[in-house]
Amino acid sequence: MASTPVATAVPAQDTAHREATRRRLVGVLIGGVALGSTGHIAAVTVTSLVALAITGDRSMAGVPAAVVVLGAALGATTLAALMARRGRRIGLVAGYAIGVVGAVIAIIGVVNGSFPTLLLGSLLIGFGNSANQLSRYAAADLYPPDRRASAIGIVVWAATIGAVIGPNLVEPSGEVAMSMGLPALAGPYLVPIVLVALASLSSLVFLRPDPYELADRTDIGAVGAAISEPIARIIRRPTVALAILALVIGQFVMVLIMTMTPLHMTDHHHSLQAVGLVISGHTFGMFALAPVSGKLTDRYGPIRVIYTGTAILAVAGVLSAAAPPENDLVLGVALFLLGWGWNLGFVAGSAMLSGGVSLAERSRVQGVADALIWSTAAIASLGSGVLLASLGYASLGLLGALLVGGVAAVFVIRSGTILDSGTGPGGGPPLQPAID
């Protein structure tokens with residue numbers, strides 16, 4: 001008679017070593033995002049100024065920023081494909097390295113007054129920034145479903161460092177550039193050459209073993225490991241489709257309102273200091289509370305947190321539309337809520353996406369999702385100016401509220417029974433086959 005298999009306990013020292021390795025790798029990812037985001041934000045802060053200086057045409061000032069976003073969308077799919085073949089470490093190292101090359105090319109464009117060269121550099125800088133974004137998924141790989149969102153949240157939080165420090169490096173880096181005989185506007189592009197290069201180097205040296213080697217596999221069997229399954233079929237799975245919908249609409253609404261808020265405020269005679277405070281509050285909401293979003297997602301599940309995030313986004317949209325133009329306090333509250341609502345959906349949606357696919361499929365799906373996020377950001381950024389000019393600032397907030405209301409309705413229709421019928425990984429919906 002065949003003997004009954006007996007579960008073998010994992011030695012405590014092995015469990016402790018694995019946990020210590022996880023923490024170390026997440027620390028490396030946090031450091032990479034902190035360095036990478038600081039360099040990236042320092043560079044993109046001056047893109048409109050550089051474009052205006054080179055072309056003398058205000059209508060071209062926003063083009064480099066749009067190209068940066070396009071580069072991020074391109075980088076997301078390209079690096080994700082590389083990660084699927086070579087691992088997370090190689091993908092992150094390559095992404096950061098390409099960002100450094102982009103910064104060098106951008107400096108050449110500034111020095112030579114070449115707008116096409118500047119755009120090429122901007123494209124590659126955006127490509128490099130996709131490594132920052134994909135880092136959250138590398139952290140998610142390391143943990144079981146019930147801890148995955150917290151890992152994502154802490155890595156997303158690291159971008160707070162770049163958001164705070166990056167813009168403040170513009171002036172001192174300009175002085176350094178002039179001391180080297182370069183134009184002052186070339187200075188901010190020196191920052192990613194140093195910091196993003198350090199992110200690439202630290203990932204190469206310290207991100208060992210590759211996060212894939214320690215990836216949690218407890219939820220893989222529910223989906224299967226069919227790496228040959230077409231990506232179009234994978235993204236039709238209810239779990240995957242709903243996660244991407246939450247990520248894309250949250251990004252669209254956030255960018256739609258945020259992009260035009262500084263112009264709206266200056267048009268109504270707010271000081272630059274007031275504009276800075278409002279945007280700082282928005283940035284705080286976007287990144288600083290990410291660990292809280294992660295904890296909430298692990299405890300209550302991504303569906304509930306996405307509901308909460310969409311509700312907050314809707315409130316932010318209505319509040320920004322209703323805010324008296326002269327009242328920067330109300331606008332500040334609206335923009336903070338806009339950032340926080342985005343963050344809740346971003347962290348919860350990312351965790352839900354990671355739990356809805358097998359490890360073999362994960363990188364490809366995540367790359368497609370991030371490409372859609374960045375493409376959406378570009379559309380929202382370009383469209384917000386048209387709406388502001390034709391219908392006014394209030395139209396942005398109202399449209400945003402309507403869009404997230406529509407997303408909430410879709411979630412109710414497609415996942416209304418999930419919370420009562422059981423949950424899948426990380427408190428998310430059960431893993432399901434594609435919709436035929």
Residue within the range 83-100 that is over 30 Å from Gln273 (Cβ atoms), at pLDDT below 95 and among the aliphatic types (A, V, I, L, M) present: yes
Looking only at the range 6-48, and only at residues there that are outside the structural domain of Val104 (by TED's automatic domain parsing) and either in contact with a Cys (Cβ under 7 Å, 6 or more places away or on another chain) or not in a helix (DSSP H, G or I) (or both), the one that is modelled with the highest pLDDT: Pro11
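Could you identify the single residue in Leu142, Leu118, Leu169 that is at pLDDT 95 or above, in contact with a Ser or Thr (Cβ under 9 Å, 6 or more places away or on another chain), more than 16 Å from Ala290 (Cα to Cα) and not assigned by TED's automatic domain parsing to the domain that holds Leu289? Don't jump to the end; show me each part of the working.
Details: Leu142 fails: at pLDDT 95 or above; Leu169 fails: at pLDDT 95 or above.
That would be Leu118, the only listed residue that is at pLDDT 95 or above, in contact with a Ser or Thr (Cβ under 9 Å, 6 or more places away or on another chain), more than 16 Å from Ala290 (Cα to Cα) and not assigned by TED's automatic domain parsing to the domain that holds Leu289.
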Val407 crowded, with 22+ Cβ neighbours inside 10 Å and modelled with pLDDT under 85: yes
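What about Ser3, is it at pLDDT below 90 and either among the polar types (S, T, N, Q) or part of a helix (DSSP H, G or I) (or both)?
When the stated conditions are applied, Ser3 passes them.
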Criterion (part of a helix (DSSP H, G or I) and modelled with pLDDT under 85) met by exactly one of Val155, Val205, Val223, Val164: Val164
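Just to be sure, is Val67 in a helix (DSSP H, G or I) and more than 19 Å from the chain's Cα centre (by Cα)? Before the answer, list the steps.
On the way: in a helix (DSSP H, G or I): yes; more than 19 Å from the chain's Cα centre (by Cα): no.
No, not satisfied.
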Any hit, the range 287-306, residues being touching a helix residue (DSSP H, G or I) at 6+ places or on another chain (Cβ under 9 Å) and without any contact (Cβ under 8 Å) to a residue 40 or more places away in the chain: no
The range 246-283, residues that are more than 21 Å from Val318 (Cβ to Cβ) and touching a Gly at 6+ places or on another chain (Cβ under 7 Å): Leu247, Leu277, Thr283
Index of the failed condition, Gly276 passing every other in (1) in contact with an Asp or Glu (Cβ under 7 Å, 6 or more places away or on another chain); (2) over 27 Å from Gly367 (Cβ atoms): (1)
Residue within the range 345-357 that is farther than 21 Å from Gly405 by Cα, over 20 Å from the mean Cα position of the chain (by Cα) and not small (Gly, Ala, Ser) present: no
Subset of the range 42-83 (residues that are touching a Pro at 6+ places or on another chain (Cβ under 6 Å) and among the small types (Gly, Ala, Ser)): Ala42, Ala43, Ala51
Odd one out for Pro167, checked against (1) in contact with a helix residue (DSSP H, G or I) (Cβ under 6 Å, 6 or more places away or on another chain); (2) crowded, with 19+ Cβ neighbours inside 10 Å: (1)
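Going by the structure shown, is Val292 surrounded by fewer than 24 Cβ atoms within 10 Å (Cβ to Cβ) and touching a Pro at 6+ places or on another chain (Cβ under 6 Å)? I'd like the intermediate steps shown before the answer.
Numbers: surrounded by fewer than 24 Cβ atoms within 10 Å (Cβ to Cβ): yes; touching a Pro at 6+ places or on another chain (Cβ under 6 Å): no.
Judged against the criteria, Val292 is not a match.
Restricting attention to the range 186-205, report how many residues are buried (at least 22 other Cβ atoms within 10 Å of the Cβ) and of a type outside the set (Phe, Trp, Tyr). Steps first, answer last, please.
So the first thing to find is which residues in the range 186-205 are buried (at least 22 other Cβ atoms within 10 Å of the Cβ), and the list is 186-192, 195-196, 199-200, 203.
From what's left, of a type outside the set (Phe, Trp, Tyr): 186-188, 190-192, 195-196, 199-200, 203.
Here the count works out to 11.
The values are calculated or read from the model by the stated rules, or taken from the named source; none is laboratory data. Since this is a predicted model, take the numbers as computed values, not measurements. Note that each Cβ is placed from the backbone with ideal geometry, even for glycine, and that neighbours are counted across all protein chains shown.
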